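Peer 1: A single structure is presented below for examination.
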Amino acid sequence: MEVVRTEAPGHAEALAAEADGGLDAVVAAGGDGTAHEVANGLLARPSPLPLGVLPLGTANCLARELGLARPPAQAASRLLHAPVRTLHPGAVEIGGRTRHFLAMLGTGFDARVVARLDGRLKRRIGATAYVVDSLRLWARGPVTPVAVSLDGMPAEAGQAVIMNGRYYGGWMRFAPTSTVFRPQLYACLFTATDRPRVLRYCAWSAANRLLRLPDYQVVPARTITVSPTQEAEAEPVQADGEPIGHLPVTIRAATRSLPVLVGDDPQRQRYGPRPVA
């Protein structure tokens, strides 16, 4: 076993792309952003090595999808004998290049929160930092909508989150029927932009009751485009919790798959808050 520390953003991706092809797997020790980098490095190879995840991050959405969202010591022990399954990532065309994402991709209000997130606050209070910064952004005024196209059908939303898996922010389930083991994307549209209903989205997301709201939609789609509705401000995009660029984007299921190490039951949550809906 070889342990290599990353030194800067993008370093994990480069390490994964250049890893010894004789390795059994490459394990990303960190959060969803670290796994995102490692996966993109592995998918740049002619034949990707299996990806393992040691959940040391804030939300650990991918670890939950893979059945590895357990205390790190237990997850490490499980990885030693973990079976391999095939993960189907999403692919996003952004800024003239293509990147892959594993759990989710966010635009609109969601991506603005991630782009402005206070890193020091995140290290102190974990996932609660997203709630705090969401409220800070909400207090600044109305949400600017984004223009969405789902297989050619136009729509508009204050926030569009494209789910490849089920989990968002740790325990929240935005698309309960989605799975990273099937090449199918779901567009989760938060259609309202007025401040009272945006605040309601935050509360109902935390309670896992979004599907009960009439102004929240989960739509399966093969090709999804998201564009800004105002040219004055560049709209950020986040993938697996990390900023990756700005709108416009085109999103599809990736043409390549990725072998991953999984827990006993990849569709069952291992620890932490239990979804209620």
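Peer 1: Consider only pairs whose beta carbons are under 8 Å apart and that are at least six residues apart or on different chains; among these, list those whose first residue lies in the range 11-26 and is under 17 Å from Leu261 (Cα atoms) and whose second residue is among the hydroxyl-bearing types (Ser, Thr, Tyr).
Peer 2: Gly21/Ser47
Peer 1: Still on this structure, please answer the following. Scan the range 212-237 for residues that are of a type in the set (Gly, Ala, Ser) and in a strand (DSSP E or B) and jot them down. Please lay out each step first, then the result.
Peer 2: Pass one, the range 212-237, residues of a type in the set (Gly, Ala, Ser): 221, 227, 232, 234.
Ala221, Ser227, listed by residue number.
Peer 1: Another question about this same structure. So, in the range 158-192, of the ones that are farther than 22 Å from Ala129 by Cα and hydroxyl-bearing (Ser, Thr, Tyr), which residue ends up surrounded by the fewest Cβ atoms within 10 Å (Cβ to Cβ)?
Peer 2: Thr177
Peer 1: For the range 145-152, check the following and say yes or no: at least one residue is among the hydroxyl-bearing types (Ser, Thr, Tyr), at pLDDT 95 or above and under 30 Å from Arg70 (Cα atoms).
Peer 2: Filtering the range 145-152 for residues among the hydroxyl-bearing types (Ser, Thr, Tyr) gives 149.
Imposing the further condition that a residue be at pLDDT 95 or above reduces the set to 149.
Checking which are under 30 Å from Arg70 (Cα atoms) leaves us with none.
Checked against the condition, which is being among the hydroxyl-bearing types (Ser, Thr, Tyr), at pLDDT 95 or above and under 30 Å from Arg70 (Cα atoms), the range 145-152 yields no hits at all.
Peer 1: Out of the range 8-33, which residues are assigned to a helix (DSSP H, G or I) and of a type in the set (Asp, Glu)?
Peer 2: Applying the first criterion (assigned to a helix (DSSP H, G or I)) to the range 8-33 yields 11-17, 32-33.
Glu13, Asp32, listed by residue number.
Peer 1: When the residues of the range 234-277 are narrowed to those that are charged (D, E, K, R) and either modelled with pLDDT of 60 or more or in contact with a strand residue (DSSP E or B) (Cβ under 7 Å, 6 or more places away or on another chain) (or both), which ends up farthest from Ala187 (Cα to Cα)?
Peer 2: First, pick out the residues of the range 234-277 that are charged (D, E, K, R): 235, 240, 242, 252, 256, 264-265, 268, 270, 274.
Add one more test, that the residue is either modelled with pLDDT of 60 or more or in contact with a strand residue (DSSP E or B) (Cβ under 7 Å, 6 or more places away or on another chain) (or both), and what stays is 235, 240, 242, 252, 256, 264-265.
On the way: Glu235: 18, Asp240: 15, Glu242: 18, Arg252: 11, Arg256: 20, Asp264: 29, Asp265: 25 Å.
Step by step, filter the range 234-277, then rank; the result is Asp264.
Peer 1: Sticking with this one: Just checking, does the range 223-230 include any residue being more than 14 Å from the chain's Cα centre (by Cα), modelled with pLDDT under 95 and crowded, with 18+ Cβ neighbours inside 10 Å?
Peer 2: Scanning the range 223-230 turns up at least one residue that is more than 14 Å from the chain's Cα centre (by Cα), modelled with pLDDT under 95 and crowded, with 18+ Cβ neighbours inside 10 Å.
Peer 1: Look at Thr107 and say whether it is among the polar types (S, T, N, Q) and either in contact (Cβ under 8 Å) with a residue 12 or more places away in the chain or crowded, with 17+ Cβ neighbours inside 10 Å (or both). Lay out the reasoning, then the answer.
Peer 2: Values: among the polar types (S, T, N, Q): yes; either in contact (Cβ under 8 Å) with a residue 12 or more places away in the chain or crowded, with 17+ Cβ neighbours inside 10 Å (or both): yes.
It is true that Thr107 is among the polar types (S, T, N, Q) and either in contact (Cβ under 8 Å) with a residue 12 or more places away in the chain or crowded, with 17+ Cβ neighbours inside 10 Å (or both).
Peer 1: Consider Pro83 against the criteria (1) modelled with pLDDT under 95; (2) of a type outside the set (Val, Ile, Thr); (3) at negative phi: it satisfies all of them except one. Which criterion is unmet?
Peer 2: Condition not satisfied by Pro83: (1).
The values are calculated or read from the model by the stated rules, or taken from the named source; none is laboratory data. What you are looking at is a predicted structure, and each value in this text was computed from that prediction instead of being measured. Because the Cβ atoms are built from the backbone with ideal geometry, glycine has one as well, and the counts that use them run over all protein chains shown.
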